[in-house]
Amino acid sequence: MLNNIIRSRIKSIVIGLLLTYALLFQYKAVTLSPAVENGGFIARAFSITSQVLNGYGLVHAFICACIIFVVYKTLKHMGRYNFKYGKLIFFIAPIFGILNVLGLCMYHMDKLPNVYGGVYTFWILIVMLGWTVAFLLAAYWVWYFVEYRLLKASIDNNKGAKCESSKESDRKTELSKNSFWNRLWAWCSSHFFISSAIIIFLCWIPWLIIYYPASMDNDVYWQLALYFGKIEQINHHPWFANTILAMFYSLGKQLGSANFGIFLYVLVRDIIMAFIYAAGVNMLRKAGIRKLFYRLVLIYFAITPVWAAYAKHGFKDTFAAALFTYCIISFITLIYKIKKHDDKALSYINFAIAIIASSLFRNNYIYCIIPVSIAMIIFLLIKKVKLYKIGIIILAFACVFGYNQYVYNGLGVKKASSNEMMSLPYQVTARTVKEHKDELTKEEYKAIDDVLSIEGLGEAYNPTVSDPIKWRAKTSFNAASDEWRAWVKTWFKMALEYPESYLAAIIASTYGYYSFTPKLPFGSGNMNSGMTIWNWASSEMFGEEFPELHYENPDLDNAREAMQQWTTVWDNTLFLSLTDVIALYTWLTVLIGWILIRKKKYIYLLPVIMVELLILTCIASPVNDCFRYFAPVAASLPMLLAIFGFINKEQAGAKDDVSEKRKQRKMQSN
């Protein structure tokens with residue numbers, strides 16, 4: 001027993017030191033003085049080590065002691081619950097460790113770690129190991145939270161849950177006899193869905209008033225310019241989203257104010273959004289999630305700048321995020337109803353409407369929805385669900401593709417340029433040209449120049465955003481053309497010649513979606529990186545076409561600036577700022593999938609996969625660390641927790657069925 005305690009403490013100290021050095025590691029270029037350069041390998045190794053380690057001082061010692069304590073308690077806690085990881089997590093954790101450290105290297109140094117030699121690479125491997133272990137410990141606590149803290153009643157405590165429900169009912173009755181505020185609370189509890197929507201919307205109203213008619217960036221003006229033919233009409237911004245925005249704009253002009261039309265659009269949209277997020281919170285409540293947690297989700301949507309500040313913006317992404325969340329909510333609900341044999345046609349229609357609405361408001365959503373829907377249809381066929389129900393889902397996709405064909409063929413709108421999806425390959429080419437232009441062969445030079453205008457390509461390269469590169473493309477991607485075939489062939493050929501440049505370019509353009517890096521400087525990625533709230537209503541590109549769209553009340557400029565600074569306070573406050581950390585959402589989604597695989601609840605993986613596919617589209621997007629692109633993931637993640645509540649209900653129902661069968665057998669035997 002004593003030996004086990006000693007071993008546990010030693011293990012905690014070793015792991016704690018490893019995690020501390022991983023956390024405090026200094027990602028910076030190392031420099032060696034001439035004396036060190038000539039002093040032999042050991043002197044160089046010690047010099048490099050002293051520059052990357054960051055363990056000096058009382059604060060760092062205190063941090064290490066705290067980490068050791070947490071590790072010790074975690075290991076002890078794992079032993080108490082006899083927790084076993086399984087094989088899958090030992091595949092996921094090293095991937096996290098590698099990606100996280102590579103992302104940190106590219107953020108701090110814009111270089112891969114191997115450029116500084118073997119000693120530096122050795123310490124990087126140690127740091128990767130540290131982050132891998134940190135992920136394993138975090139995975140345990142996520143598992144523990146889901147298994148023992150998330151739900152308000154376990155399977156074995158149904159009787160207690162019923163008693164608690166009875167007490168809650170008595171409490172509501174008593175409250176209803178008391179003061180106005182108590183009656184209001186009782187009403188909100190009895191009408192939870194509606195009251196949640198009202199609370200969310202009321203918390204957004206100050207933003208709507210202060211930013212009247214709405215904050216607007218280039219995209220809002222661009223959508224209007226496309227619809228009204230001010231520029232060539234293409235489907236870069238989904239035509240359905242453009243149409244809805246333009247309808248409200250036109251209505252406003254007929255009523256005497258285009259600004260009022262934009263405000264009406266934002267107002268109606270936000271009311272719908274409030275009800276969508278309230279539906280998600282209500283789903284968590286019905287799934288049996290504890291009050292504390294579903295109320296925290298309600299507060300999350302009501303007051304965090306992630307949603308409150310986005311609610312006053314006129315761009316399509318705000319509504320698109322809510323519609324994708326609606327798709328996730330309806331999908332989870334449908335699966336649960338199928339599992340309990342209560343899948344009426346209305347549930348399929350609800351899911352179909354969500355597919356149509358979300359797919360028509362954002363072009364990339366369809367690529368996330370189609371694969372899981374195909375898997376869902378296969379599942380339904382195996383379950384021998386009635387064909388008309390499957391037909392409802394298929395009809396939804398027919399509506400999406402049919403509408404798009406009407407836009408292209410009926411309205412004459414051109415398809416969006418494929419250069420958007422080529423952002424990452426373009427970035428790779430640009431960085432490689434920047435670093436190896438003098439080494440290119442004539443054939444490589446020509447193949448690149450035929451597509452991307454190679455002169456000035458390296459200088460235009462920005463690792464955070466691909467716009468300066470994709471705008472240089474001479475034509476849209478066309479696999480049938482000789483120029484594009486030559487470029488693709490050259491692209492793969494150069495991948496073998498310059499693998500480090502390729503890897504560096506990929507990590508530099510994507511690390512914000514999976515690596516826990518510090519915030520990028522304000523304005524990065526053409527004002528898209530990080531949690532930007534777009535504190536303006538103007539456009540450099542299309543503002544002259546719509547001069548009537550602007551903030552109407554200059555007296556509110558100070559209030560708008562105060563709200564802007566409030567978001568920066570939030571973004572720099574302990575724990576609150578976690579709502580803006582994209583990588584946290586990414587890896588929590590991965591861990592939810594891992595837990596479902598542990599439970600062998602594979603059908604419930606489909607909504608999780610849909611969210612993970614959306615993360616992949618963000619990684620392939622033109623901007624690194626863009627919360628605007630990532631917003632639907634952040635909105636959908638809390639909804640995925642309902643899955644565990646529904647699984648718990650299924651198991652409780654199965655247990656009740658077994659008990660009922662046993663009672664019947666006893667009665668028959670008697």
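The values are calculated or read from the model by the stated rules, or taken from the named source; none is laboratory data. The shown structure was predicted, so the numbers you read here are calculated from the model rather than taken from an experiment. No Cβ is skipped: glycine too gets one built from the backbone with ideal geometry, and neighbour counts run over all protein chains shown. Keep in mind that these areas ignore ligands, DNA and RNA; they rest on the heavy atoms of the full protein, side chains included. Shrake-Rupley method; radii C 1.70, N 1.55, O 1.52, S 1.80 Å.
Overview of results
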{"quantity": "Those residues of segment 42-72 which are among the hydroxyl-bearing types (Ser, Thr, Tyr) and modelled with pLDDT of 95 or more, in sequence order", "calculated": "TYR72"}
{"quantity": "Checklist (1) modelled with pLDDT of 90 or more; (2) among the basic types (Lys, Arg); (3) exposed (fewer than 14 other Cβ atoms within 10 Å of the Cβ) applied to LYS446, failing item", "calculated": "(3)"}
{"quantity": "Residue identified as touching a residue at least 24 places away in the same chain (Cβ under 8 Å) and open to solvent by 60 Å² or more (accessible area, probe 1.4 Å) among ILE200, ILE210, ILE194", "calculated": "ILE194"}
{"quantity": "Test: LEU292 is without any contact (Cβ under 8 Å) to a residue 12 or more places away in the chain and either among the small types (Gly, Ala, Ser) or farther than 23 Å from SER538 by Cβ (or both)", "calculated": "yes"}
{"quantity": "Helices (runs of 4 or more DSSP H) wholly inside segment 538-636 containing at least 2 residues that are among the polar types (S, T, N, Q), loosely packed, with under 15 Cβ neighbours inside 10 Å and modelled with pLDDT of 90 or more", "calculated": "557-571"}
{"quantity": "Any chance ILE92 is in contact (Cβ under 8 Å) with a residue 12 or more places away in the chain, of a type outside the set (Ser, Thr, Tyr), assigned to a helix (DSSP H, G or I) and out of contact with any Phe, Trp or Tyr (no Cβ under 9 Å at 6 or more places or on another chain)", "calculated": "no"}
{"quantity": "Residue in segment 270-289 that is closer than 21 Å to ILE194 by Cβ, touching a Leu at 6+ places or on another chain (Cβ under 8 Å), free of Cβ contacts under 8 Å to residues at least 24 places away in the same chain and not hydrophobic (A, V, I, L, M, F, W, C) present", "calculated": "no"}
{"quantity": "Residues within segment 47-94 that are more than 19 Å from GLY16 (Cβ to Cβ), aliphatic (A, V, I, L, M) and open to solvent by 60 Å² or more (accessible area, probe 1.4 Å), tallied", "calculated": "1"}
{"quantity": "Qualifying residue in segment 276-287 (condition: buried (at least 21 other Cβ atoms within 10 Å of the Cβ), farther than 25 Å from ASN364 by Cβ and of a type in the set (Lys, Arg))", "calculated": "yes"}
{"quantity": "Failed criterion for LYS159 (all others in (1) under 30 Å from TYR72 (Cα atoms); (2) open to solvent by 20 Å² or more (accessible area, probe 1.4 Å); (3) at pLDDT below 95; (4) out of contact with any Pro (no Cβ under 8 Å at 6 or more places or on another chain) hold)", "calculated": "(1)"}
{"quantity": "Residue satisfying condition, being farther than 19 Å from ASN624 by Cβ and in contact with a helix residue (DSSP H, G or I) (Cβ under 8 Å, 6 or more places away or on another chain), within set ALA460, ALA430, ALA447", "calculated": "ALA447"}
{"quantity": "Leading residue by the ranking (nearest to LYS384 (Cα to Cα)) among those in segment 339-355 that are touching a Phe, Trp or Tyr at 6+ places or on another chain (Cβ under 8 Å) and either among the aliphatic types (A, V, I, L, M) or open to solvent by 10 Å² or more (accessible area, probe 1.4 Å) (or both)", "calculated": "LYS339"}
{"quantity": "Entirely in segment 456-518, the helices (runs of 4 or more DSSP H) that have 2 or more residues that are under 18 Å from ASN100 (Cα atoms) and open to solvent by 10 Å² or more (accessible area, probe 1.4 Å)", "calculated": "499-510"}
{"quantity": "In segment 22-67, the residues that are of a type in the set (Ser, Thr, Tyr) and either in a loop (DSSP other than H, G, I, E, B) or within 33 Å of the chain's Cα centre (by Cα) (or both)", "calculated": "TYR27, THR31, SER33, TYR56"}
{"quantity": "Selection count, segment 434-448, where residues are within 19 Å of SER417 (Cβ to Cβ) and free of Cβ contacts under 8 Å to residues at least 24 places away in the same chain", "calculated": "0"}
{"quantity": "Scan of segment 229-254 for residues that are open to solvent by less than 60 Å² (accessible area, probe 1.4 Å) and part of a loop (DSSP other than H, G, I, E, B), ordered by number", "calculated": "GLY229, ILE231, GLN233, ASN235, HIS236, HIS237, PRO238"}
{"quantity": "Residue in segment 216-224 that is touching a residue at least 40 places away in the same chain (Cβ under 8 Å), of a type in the set (A, V, I, L, M, F, W, C) and open to solvent by 50 Å² or more (accessible area, probe 1.4 Å) present", "calculated": "yes"}
{"quantity": "Subset of segment 411-421 [at pLDDT 90 or above, touching a Phe, Trp or Tyr at 6+ places or on another chain (Cβ under 8 Å) and not charged (D, E, K, R)]", "calculated": "LEU411, VAL413"}
{"quantity": "Set LEU112, LEU137: member being under 17 Å from LEU88 (Cα atoms), out of contact with any Pro (no Cβ under 8 Å at 6 or more places or on another chain) and aliphatic (A, V, I, L, M)", "calculated": "LEU137"}
{"quantity": "Close pairs (7 angstrom Cβ cut-off, 6 or more residues apart or separate chains): over 15 Å from PRO638 (Cα atoms) in segment 569-582, open to solvent by less than 50 Å² (accessible area, probe 1.4 Å) and small (Gly, Ala, Ser) anywhere", "calculated": "TRP570/SER577; ASP571/SER577"}
{"quantity": "Residue in segment 95-118 that is least open to solvent (accessible area, probe 1.4 Å), counting only those that are of a type outside the set (Gly, Ala, Ser) and in a loop (DSSP other than H, G, I, E, B)", "calculated": "LEU112"}
{"quantity": "Test: MET273 is surrounded by fewer than 23 Cβ atoms within 10 Å (Cβ to Cβ), closer than 25 Å to ALA537 by Cβ and not charged (D, E, K, R)", "calculated": "no"}
